[in-house]
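Enquirer: Before I ask anything, let me first share the structure, which is written out below as structure tokens.
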Amino acid sequence: MTSRARGSPACENCRRRRIKCNQLRPRCSQCARAGISCSGYRTPIDLLFQDQTATVARKFRQENPGKQSKQAPASSQPPPHLASQPSLTLVAPSLQVEEVAWKYYFTNFNITRMGSVAIPSPWLSQSRCGMGSVTSVGLAALATTRHDPHMMALARQKYSAALRYLARAVLDPAELTRGPTTTASFNLSMFEMIISDGPDASYQWLRHIHGTAALIRVVKFPVDGAIFAITGCLQVCFTIAIGCLISESSVPPYVVDLVKSFKRAEIYVDVCPIIELFTLLSSLVNLYIQAKQSKENSPRDFTASLADIDDDLVSWTKRLPPVWTGDPSAGSPLHAGPNGIASKNWITRLWAYYRLCRVITHRIILDRIDQSPGKEDISLMVISRMSSEIYASVPTMLKKSFDAGSGASPLCLSSEVFFLITILQALLKVTDKQAVLDNWARPAIETVGEGFLPIELFVSRHLC
């Protein structure tokens, strides 16, 4: 008879030998007595998902005896495409599974909170589209890391439900202006990137990013006392700007106006560098689009504008307070600690955006070299150096994803992976494609070794 209880937390050796394990660390007493190396323990999440997957599969077989051929392969490592292909109509999961998905999301994907909190905030928990998007992202990430097609099918169901709720919210004037509606749209862009498999799907996330940009136009953003929500909104706006670069569309002026509206006395000093850099990036994206559109139509001179922006970028680096140059303990209390505004992740990402700005600037110069004669070698050098510095920052940017001390699975997906892919896709747009493909992962491989391979494979399939 099959037990309906949770899987045993005993070490693998004791489970195989069917003996009681006292779960001591680093080696249980049974392994110590036998003189063998303890095989380690499964995490609570592993136990929960193992039980949920087995229960769901068993219920499906009982309720659909004629569909046995549609079961997933018995192998624990199915082909990559299987993780994105729903093969079963699943029964509704217990709330416990959703809570695990929420915990994974708020630990790895949330960009508006100061710390890792597994419980949804009241403003988000009251939104069906918001919570649906949170659940779908958490489940999709867990399904991908565990090669679990059943969980992926469930994630797709949650995604479809979130889409329906989002469509209703867009038609409701009260819901349309609420923050969770915009959050849901942005979350669904991360979902699209998680499940994408193959060149045709690599840029599907842009659909929801353009939708997010449209929603920002009407959202009533809670400014007062919402400093960390504001920095999360700034990260969304940076992603919108990069999405516009990739799709060759101008950054909407209302997005720029929203960012500029954050220049309030009580918060400006803390987010000033982010706001200034976003303004420069959006100007560069728009200039890049204009330069491409006018290349064949008119000989418009972009030299003066490019020179001004490049000077502003260099000046920006000289005006940064110490906290943004690599010392998170400096500055105001809002900057302190690993989860502050100027956390290492934000610092690394901010510098990646700065270097991308320099690359875009000199890409336009190279494209219009007739307007800037004699600067070709300088521009090529700047593009090469800035690109190399972005690649060198990858180990720091993704440290959480492969830090052995964090308890992460072999492939740990996070918002950092999402933002890295957007930056690399932007580089593919404005630099030599083969150079990006050949070089982006080298520093991480040299630093992390084989532990970086799962992330490298995941990121690489989005670069086409």
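Enquirer: For the pairs 292/318; 220/399; 260/429; 292/375, note any where the Cα-Cα span goes beyond 24 Å. Numbers along the way, then the final one.
Expert: Numbers: 292/318 31 Å; 220/399 34 Å; 260/429 27 Å; 292/375 19 Å.
The answer is 292/318; 220/399; 260/429.
Enquirer: Under a point spin-label approximation (7 Å from Cα along Cα-to-Cβ), what is the residue 22-residue 36 distance to one decimal in nm?
Expert: 1.9 nm
Enquirer: Using the number of other C-beta atoms within 10 angstrom as an exposure proxy, rank 397, 151 with the fewest first. Before the final figure, lay out each step's value.
Expert: On the way: 397 23, 151 27.
By the 10 Å Cβ count, ascending: 397, 151.
Enquirer: Just want the ordering: 399, 220, from fewest to most Cβ atoms lying within 10 Å of their own Cβ. Could you put the intermediate results ahead of the total?
Expert: Details: 399 17, 220 9.
Ordered by Cβ neighbours within 10 Å, fewest first: 220, 399.
Enquirer: Let me ask another. For residue 461 paired with residue 167, estimate the spin-label separation in nm (one decimal), with each label point 7 Å from Cα along the Cα-to-Cβ line.
Expert: 2.8 nm
Enquirer: Now for a separate question. Each residue of region 345-362 in order: what ³J(HN,Hα) in whole Hz does its phi give by Karplus 6.51 cos²θ - 1.76 cosθ + 1.60, θ = phi - 60°, with x for Gly and Pro?
Expert: 5, 5, 4, 4, 5, 4, 5, 5, 5, 4, 5, 5, 4, 5, 4, 4, 4, 7
Every read-out reported here was derived from the displayed coordinates using simple, explicitly stated rules and does not represent laboratory data. Quick caveat: nothing in here was measured; it's all calculated off a predicted structure. Here Cβ is always computed from backbone atoms with ideal geometry, including for glycine, and neighbour counts include all displayed protein chains.
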